[in-house]
Amino acid sequence: MIGSARPLAGGGFGWFSIIRLGAVQASIGAIVMLATSLLNRVMVVEYALVAAIPAGLVAWHYAVQLTRPLWGHGSDMGRRRTPWIIGGVFLLGLGGLLAVTATVMIADDFGLGLALAIVAFSMIGAGVGAGGTSMLALLASGVAPQRRAAAAAVTWIMMVAGIVISAGVAGALLDPFSPQRLAMVATGVVVVAFAVCVIAMFRLETNAPRLEREEPKGPAPDFKAAIREIFQEQEARRFTAFIFVSMLAYSMQDLILEPFAGLVFSMTPGESTSLAGMQHGGVLAGMIIAGIGGSAFAGRMPVELRTWIVAGCLGSALALCGLAVAAQVGEGWPLVANVFALGFCNGVFAVASIGAMMGLAGSGENTREGIRMGVWGASQAIAFGTGGLLGAVGVDIARRVQGQDGAAFQLIFAAEAALFLVAAYLAIRAASTRTRAQAELVGVG
């Protein structure tokens, strides 16, 4: 790998420290759930707003995350990342509570409530950018190479768990619905999540065993110089493109899977919700397998994380081709198994990608982990912000043009499969760039 900031030997975060960082991810996921899931439903159902309003606000919070490189660079310039993590989660929580206030206010004063909601979702996006990017940078700089895939699996599984637990508890406590109960439940989620974050980060960074590594030479470069260095590296450019394309494909089915199950397979809302749960179960299973396998094979077999990335992308493409066929076959197709397979392959490539991202984060000659994680986080945010929208809009347009639900979904699933094939190609290209660079480095030595 080109660059001097690479780990040399043992040390670094142990498993308990990794789990503590996973608790930070879980707290971030729990608060984000308020904005992207709970308030989305409340705005549309309880306050009868058009779906475009919460969808636009969620898209805006992703757009704000384009500032991730700035937050990452800021944490690179400081001596510690803990203040950035805690400060980011505090800003996120404050934005979540403000979003609840804005949601209630919209019913009485639409203009003022909407303006306040825009401010709130801006704070949410900035908080995720500051806290999430700095946490990933700390994980990347403090975890030994052989543990990175498993560390990525642990933190992402815990994030999903945080979302599931907070959504279940909040949903149970919200009935019967009232604005006052909404405020109380949201406040409880934010307070508990922030407390978990603070407790998890207490003396974590200062007491962790130092990971032996060659540090970048000289002081951290300024923001423009850091961005310039990253995009001068062919592997970093290709990896950025891979993150965007793969996450675009990953997120396109978010808003169309349950409508697909209802329109083509005549599933009830409860059945389609269970189907989505099966997909999430597949994601968790894929994350666990990739986390264990990606770490167990490191240094023992010639299997890089990119092998898992490519396998996950190709498997996702194959599963989406299955859904495209299902769109024409209809009832009788093993839809549940197909959706589980899609989730499993998604989980494999997602965790392997994050593990590879952590490895590349420390590969800069002068740049630090924070800004590199920020660049890739921004690419992911753009993809997530547009993927769901493209999938939903694409299905709507295709249904009107073709006049058949099955044919419309088939077209979108096929497009997603093609994107995953492109992502696999980009991952292979990035890997070949790294292999050539390592060969040149050995040859020079």
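Taking the options 336, 351, 283, name whichever one is modelled with pLDDT under 90 and open to solvent by 10 Å² or more (accessible area, probe 1.4 Å).
Working: 336 fails: modelled with pLDDT under 90; 351 fails: open to solvent by 10 Å² or more (accessible area, probe 1.4 Å).
From the options 336, 351, 283, the qualifying one is 283.
Under the condition of being β-branched (Val, Ile, Thr) and touching a residue at least 24 places away in the same chain (Cβ under 8 Å), which residue from the range 165-190 is most open to solvent (accessible area, probe 1.4 Å)? Write out each step before concluding.
Kept after step one, since they are β-branched (Val, Ile, Thr), are these residues of the range 165-190: 165, 169, 185, 187, 189-190.
Filter once more, so that each one left must be touching a residue at least 24 places away in the same chain (Cβ under 8 Å): 165, 187, 189-190.
On the way: 165: 111, 187: 60, 189: 23, 190: 13 Å².
Per the stated criteria, the residue is 165.
Among 392, 341, which is the only one that is surrounded by fewer than 20 Cβ atoms within 10 Å (Cβ to Cβ), under 22 Å from the mean Cα position of the chain (by Cα) and farther than 30 Å from residue 77 by Cα? Walk me through it before giving the result.
On the way: 341 fails: surrounded by fewer than 20 Cβ atoms within 10 Å (Cβ to Cβ).
Unique residue meeting the criteria: 392.
If we keep just the residues of the range 286-303 that are closer than 19 Å to residue 428 by Cβ and modelled with pLDDT under 55, which is most open to solvent (accessible area, probe 1.4 Å)?
302
Restricted to the range 1-41, and to residues that are at pLDDT 80 or above and over 22 Å from residue 128 (Cα atoms), which residue is surrounded by the fewest Cβ atoms within 10 Å (Cβ to Cβ)?
By that ranking, first place goes to 16.
Would a scan of the range 133-145 turn up a residue that is in a helix (DSSP H, G or I), farther than 17 Å from residue 39 by Cβ, of a type outside the set (Ser, Thr, Tyr) and open to solvent by 40 Å² or more (accessible area, probe 1.4 Å)?
Within the range 133-145 (the criterion being in a helix (DSSP H, G or I), farther than 17 Å from residue 39 by Cβ, of a type outside the set (Ser, Thr, Tyr) and open to solvent by 40 Å² or more (accessible area, probe 1.4 Å)), the answer is yes, since at least one residue qualifies.
Taking residue 228 as the residue in question, decide whether it is modelled with pLDDT of 85 or more, open to solvent by 50 Å² or more (accessible area, probe 1.4 Å) and not small (Gly, Ala, Ser). Reasoning before the result, please.
Working: modelled with pLDDT of 85 or more: no; open to solvent by 50 Å² or more (accessible area, probe 1.4 Å): yes; not small (Gly, Ala, Ser): yes.
When the stated conditions are applied, residue 228 does not pass them.
Restricting attention to the range 107-115, does a residue exist that is over 19 Å from residue 24 (Cβ atoms) and open to solvent by less than 30 Å² (accessible area, probe 1.4 Å)? Before the answer, list the steps.
Of all residues in the range 107-115, those over 19 Å from residue 24 (Cβ atoms) come to 107-115.
Filter once more, so that each one left must be open to solvent by less than 30 Å² (accessible area, probe 1.4 Å): 113.
Yes, the range 107-115 has at least one match.
Tell me which residues, restricted to the range 146-164, are crowded, with 24+ Cβ neighbours inside 10 Å and of a type in the set (Lys, Arg).
Passing the criteria: only 148.
Could you please give the count of residues in the range 90-99 that are of a type in the set (A, V, I, L, M) and surrounded by 24 or more Cβ atoms within 10 Å (Cβ to Cβ)? Write out each step before concluding.
Residues of the range 90-99 that are of a type in the set (A, V, I, L, M), as a first pass: 91-92, 94, 97-99.
Checking which are surrounded by 24 or more Cβ atoms within 10 Å (Cβ to Cβ) leaves us with 92, 99.
Adding up the residues that qualify gives 2.
Inside the range 48-66, can you point out the residues that are open to solvent by less than 50 Å² (accessible area, probe 1.4 Å), over 15 Å from residue 378 (Cβ atoms) and touching a residue at least 40 places away in the same chain (Cβ under 8 Å)?
In the first step, residues of the range 48-66 are kept if they are open to solvent by less than 50 Å² (accessible area, probe 1.4 Å); the result is 49, 53-54, 56-59, 61, 63-65.
With the extra rule that they be over 15 Å from residue 378 (Cβ atoms), the set shrinks to 49, 53-54, 56-58.
Matches in the range 48-66: 49, 53, 57, 58.
Restricting attention to the range 77-120, which residues are touching a Ser or Thr at 6+ places or on another chain (Cβ under 8 Å), in contact (Cβ under 8 Å) with a residue 24 or more places away in the chain, part of a helix (DSSP H, G or I) and of a type outside the set (Val, Ile, Thr)?
Passing the criteria: 84, 88, 95, 97, 117, 120.
The values are calculated or read from the model by the stated rules, or taken from the named source; none is laboratory data. Just so we're clear, the structure is a prediction, and the values are computed from it rather than from any experiment. FYI the Cβ positions are ideal-geometry reconstructions off the backbone, even for glycines, and counts take in every protein chain you see. The accessibility values were calculated without ligands, DNA or RNA, using every heavy atom of the protein model including side chains. Shrake-Rupley method; radii C 1.70, N 1.55, O 1.52, S 1.80 Å.
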